[in-house]
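The values are calculated or read from the model by the stated rules, or taken from the named source; none is laboratory data. Please read all numbers here as calculations on a predicted model, not as lab measurements. Because the Cβ atoms are built from the backbone with ideal geometry, glycine has one as well, and the counts that use them run over all protein chains shown.
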Amino acid sequence: MAETKNKKNNKNMPDWQSKFNVAVETAEEAVRKIAPGHRVFIATGCAQPLKLIKAMVARSDELVDVEIIQLLTMGEAPYAKKELADSFRVNSFFVSENIHEIVKAGLGSYTPILLSDIPRLFTNCQVPLDVALIQVTPPDEEGMCSLGISVDVVKAAVENSKLVIAQVNPQMPRTYGDGMINIYEMNVLVPVDEPLVESPPMEVTDEIKQICEYISALIENGSTIQLGVGKVPQVLMDYLADKKDLGVHTEILSDRIVDLVKSGAVTGKRKSLDRGKIVTSFCFGTRKLYDFIDNNKMFSFRRTEYVNDPSIISQHNKMVAVNTAIEIDLTGQACSDSLGTEFKSGIGGQADFNRGANRSEGGKSILAMPSTAKGGTVSRIVPYLSQGAGVVTTRGDIHYVVTEYGTAYLHGKSIQDRAMALISIAHPDYRADLLKKAVELGYVVPELAGVEGKLFVYPKELTTTMLMEDGTKIKFRPIHPTDSGKMKDLFYKLSEGTIYYRFGWQMKRLPQKQIQDFVYIDHRNEVAIVGTIPASTGEEIIAFGGYYLDKKSNRAEVALVVLDEWQNKGIGSFMIKYLARIAQKDGIGGFTAEIHATNKTMQTVMHKLNGKVESILGGSIYSMRSDFL
């Protein structure tokens, strides 16, 4: 959808001070109304009223025990200084970088709380507010000012503060939604014309790029997305430009939304609520973003009570929530707000959106993180959380976990399956130790200790798609350690005849050892691929093929199996050619196969290879060999 503007009817009044009978003061005059012991709220993100804040801090020698209440601030925090601890004490719902040191030193506080619950603290007077320092646009002809880029919990703070002091700034963009305030709802207005705080685009690493590619593959056309605080969620927007009819319902936005909207990927046409609207509660970015959202009807800045309400979130079909974690243990508990006992961020909207997305029809909740921290010296996937770490996302709430090494789906999985899935997407340097610890803790059976050297994730480039005549797309990819359950499902759907042709005898059950041999491979000497179609649990395996290299002959023995109802559709021929391309790339000379004489289909498939095929009949078995050209 193209940018839509309507400045004619929503422009600021340049001469508003002469028209409206309101208290207009300088910043220094206004903050004199702040008294010792007051609880002062400061507006969120890049909407901080810096001139008011600096004027307040200039009175530090006159003030004592002033409690600063805030959610997340992106600019300066001159009140968060050790030498001013007697004058100002920070109590924040999110530990941003500018207050980290004061909180770490014990001279400031962090209040962990769901973002959706914060407004009730104000309305129920659990956290009564004496003063709110905010920033707004100048009024329009009807006396309505806009909170601009920060509505979130600011609206509730304004409605529940005894005194509202507003920095009136013509450089604040006017936004649509819940952010309109009548000029007479504010007690003191302070005219200021200065640039807003800006937050430059985040630095992108190769690990972040890879993670975003994996997440992009999980997002379907027509999905509604939430993008949390952190590098991955915000950078992800760069990887969604080829999607169609995305919707946006998220608490925070950054500069990257501009290019995503201009790409045409975001239309909101298929949203269940607020169709055609990008719903958010605050944003941080640069002037590029501020100019884009100014009087842009496509953007709707709503209160946190609405944006972060899980019942509202869940009403969006295909709701996808993307957030980050600091570390996750092998059972699926994720910590996102602290590094041990040291608070680093906050609960924010992660729990709200995870639960909302999980209840959504076709929804997905995704936690993303690089596999390591501190220059690769620490694994973020751990046997158990660090001492003092808090659980933001519980075992029951977690669905997808993504690192640069792949995607693990945990929902409905046993502790053993969770642990193995997470180990498989951990950094290779830490997989062996994680597996050893998982066995020690009783998370996985001792028999799995033998797969220590086979915890590999296939190269991402080894994927392809087959388009059937009826339009069905079958995705082919190398097998993953998390496919053990799906492989068992495939086996028990096969007919007796198909099982006999594949295994050479009538197997009644698929032993655990056989499943391990299928999924734990090195992707060089042993290769296995699966053909999958979308399913309610992510995907269903309908075909399986693989080969095992004989190093002496440099040829590999190949075998295939296709679910009965999908046979005779060209899938076997497609798979063997796909396997042949992988084998040739690795320098393998050809394929061999042992095929029952009555299995005409597999014999035909072998002849589809681009090379000379030799067949020798021994009893009821053909020994076939094809050398690659």
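Miscellaneous remarks
- Qualifying strands (runs of 3 or more DSSP E) (wholly inside segment 302-404; at least 1 residues being farther than 22 Å from ALA421 by Cα): 319-324
- In summary, helices (runs of 4 or more DSSP H) completely within segment 190-271 and bearing 2 or more residues that are over 22 Å from LYS288 (Cα atoms) and either among the charged types (D, E, K, R) or free of Cβ contacts under 8 Å to residues at least 12 places away in the same chain (or both) occur at 206-218.
- Total residues in segment 579-615, condition over 20 Å from TYR500 (Cα atoms) and surrounded by 19 or more Cβ atoms within 10 Å (Cβ to Cβ): 8
- Some residue of segment 616-626 being under 24 Å from THR463 (Cα atoms) and either among the small types (Gly, Ala, Ser) or buried (at least 16 other Cβ atoms within 10 Å of the Cβ) (or both): yes
- Of all residues in segment 74-93, one or more are of a type in the set (A, V, I, L, M, F, W, C), farther than 14 Å from LEU133 by Cα, touching a residue at least 40 places away in the same chain (Cβ under 8 Å) and not assigned by TED's automatic domain parsing to the domain that holds THR304.
- Flag if SER300 is more than 23 Å from ALA43 (Cα to Cα) and in the same structural domain as CYS212 (by TED's automatic domain parsing): no
- Annotation note: of PHE343, PHE284, the sole residue that is modelled with pLDDT under 95 and surrounded by fewer than 24 Cβ atoms within 10 Å (Cβ to Cβ) is PHE343.
- Of the helices (runs of 4 or more DSSP H) lying entirely inside segment 510-629, those carrying at least 2 residues that are within 20 Å of ILE479 (Cβ to Cβ) and modelled with pLDDT under 85 are 512-519.
- Test: ILE53 is of a type in the set (Val, Ile, Thr), in contact (Cβ under 8 Å) with a residue 12 or more places away in the chain, out of contact with any Asp or Glu (no Cβ under 9 Å at 6 or more places or on another chain) and outside any loop (DSSP other than H, G, I, E, B): no
- Note on segment 490-509: among residues that are of a type in the set (Lys, Arg) and outside any helix (DSSP H, G or I), the one that is modelled with the highest pLDDT is ARG509.
- Pick from segment 549-567, criterion of a type outside the set (A, V, I, L, M) and touching a Gly at 6+ places or on another chain (Cβ under 7 Å), ranking: nearest to LYS488 (Cα to Cα): ARG555
- Condition met for GLU67 (without any contact (Cβ under 8 Å) to a residue 60 or more places away in the chain and part of a strand (DSSP E or B)): yes
- The lone criterion from (1) outside any strand (DSSP E or B); (2) under 37 Å from the mean Cα position of the chain (by Cα) left unmet by TYR184 is number (2).
- Scanning segment 374-415 for residues that are over 22 Å from ASN358 (Cβ atoms) and of a type in the set (Phe, Trp, Tyr) yields a count of 2.
- Qualifying residue in segment 109-126 (condition: of a type outside the set (Phe, Trp, Tyr), closer than 22 Å to ALA55 by Cα and crowded, with 23+ Cβ neighbours inside 10 Å): no
- Lone qualifier among ASN317, ASN354, ASN358, ASN323 - being within 14 Å of the chain's Cα centre (by Cα) and surrounded by fewer than 22 Cβ atoms within 10 Å (Cβ to Cβ): ASN358
- Pairs are defined by a Cβ separation below 8 Å, a sequence spacing of at least 6 or placement on different chains, a first member in segment 328-353 that is under 21 Å from TYR409 (Cα atoms), and a second member that is of a type in the set (Phe, Trp, Tyr) and crowded, with 21+ Cβ neighbours inside 10 Å; the pairs so defined are LEU330/TYR443; THR331/TYR443.
- For segment 405-422, filtered to residues that are assigned to a helix (DSSP H, G or I) and under 19 Å from the mean Cα position of the chain (by Cα), the residue that is modelled with the lowest pLDDT is ALA421.
- Residue in segment 199-207 that is surrounded by fewer than 20 Cβ atoms within 10 Å (Cβ to Cβ), at pLDDT 95 or above and of a type outside the set (Gly, Ala, Ser) present: no
- LEU434 passes every criterion in (1) at pLDDT 90 or above; (2) assigned to a loop (DSSP other than H, G, I, E, B); (3) over 22 Å from the mean Cα position of the chain (by Cα) apart from (2).
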